[in-house]
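Reading through the structure tokens given below for one structure.
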Amino acid sequence: MKVRRSDRLVDMTRYLLERPRTLISLKFFAQRYDSAKSSISEDLGILKRTFQDRGTGILETVPGAAGGARFIPYILREDAQKFIEQIIHEVNDESRLLPGGYVYLSDLLSRPDVLRQVGRLIATQYLNQDVDTVMTVATKGIPIAQSVATFLNVPFVIVRNDSHITEGSTVSVNYVSGSSKRIEKMELSRRSLKEGAHVLVVDDFMKGGGTLNGMASLIKEFDASLVGMTVFAEGEFSGEHRLVDHYTSLIKVNAVNPNDQTITAQPGNYLTTVFGKEMGSK
């Protein structure tokens, strides 16, 4: 049965949003709505313009017999800045201060609205790069990895400190904790990562960078390549230097004072890395 244009636009929007970075052919849409390809092309033109005007994402159209449309989500700079400011406001709460200078973030990273935006921000950073897999370490980085993987439409893998029998054979590396300087071990199932894969590393919090550095070493063991590293938050580090140099953080907790129970957070380097401008500039 032929479908009205208004109904087609609603259903096409839903279908594309649920399948980011997937090429959907004109033939598929034409058969789905019993409509001419010319009508489908006009509909895609409307969606492309609306997605761009609203900052929803890019709708790529591929011409030719094997062509179609591919939705690539991203976030506008002003929306990213507004979100980061909101997170900073929530982090600057003295009740979040934990022993050892750590900051409680678990409640934020359990909220679907926060995770959705974190995933969109990180996916935007790697908009024009090939990413085959998102990697994180158990356990607090898992929801971030899942959100990022959803927007990139790729699998995510979880590195663990001890192997599970259900993982099968594993590859393990020893790494030095950046904050405690202790030797630790991390493992990943051999089936989790393919040789030559382009891997994006994400995590919830970084101090000395030891965990990120360990994951980078693990990626090398699989003969895969590291695309980049992004963390939700980075903390102050009192050592000589971090174990990783190239990383991105959404926020930075640059002062934690246990004596007067205060936390001072500020934007990380995400905005300048992705958009090339200082926060607050136009």
Query raised in the report: Which one is most open to solvent (accessible area, probe 1.4 Å) among residues in the stretch 93-132 that are among the polar types (S, T, N, Q) and under 11 Å from the mean Cα position of the chain (by Cα)?
Result: Gln117
Report summary line: Filter the stretch 43-72 for residues that are of a type outside the set (Ser, Thr, Tyr) and in a loop (DSSP other than H, G, I, E, B); the one that is nearest to the chain's Cα centre (by Cα) is Gly55
Report task. Please list, ordered by first then second residue, the pairs with beta carbon atoms under 8 Å, 6 or more apart or interchain, first in the stretch 18-35 and aliphatic (A, V, I, L, M), second open to solvent by 90 Å² or more (accessible area, probe 1.4 Å). Result -> Leu26/Lys37; Ala30/Lys37
Query raised in the report: Of these, Arg70, Arg14, which one is charged (D, E, K, R), in contact with a Ser or Thr (Cβ under 9 Å, 6 or more places away or on another chain) and open to solvent by 60 Å² or more (accessible area, probe 1.4 Å)?
Result: Arg70
Query raised in the report: If you take just the strands (runs of 3 or more DSSP E) that sit entirely in the stretch 125-237, which of them hold at least 3 residues that are of a type in the set (A, V, I, L, M, F, W, C) and over 30 Å from Phe83 (Cα atoms)?
Result: 170-176, 183-189
Query raised in the report: Which one of the conditions (1) of a type outside the set (Asp, Glu); (2) assigned to a helix (DSSP H, G or I); (3) within 15 Å of Glu234 (Cβ to Cβ); (4) modelled with pLDDT under 95 does Leu105 fail to meet, given that it meets all the rest?
Result: (2)
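The values are calculated or read from the model by the stated rules, or taken from the named source; none is laboratory data. Worth saying up front: this structure is predicted, and the values here are computed from it rather than measured. Ideal geometry is used to build each Cβ from the backbone, glycine not excepted, and the neighbour counts take in all protein chains shown. For accessibility, only protein heavy atoms count, side chains too; no ligands or nucleic acids. Shrake-Rupley method; radii C 1.70, N 1.55, O 1.52, S 1.80 Å.
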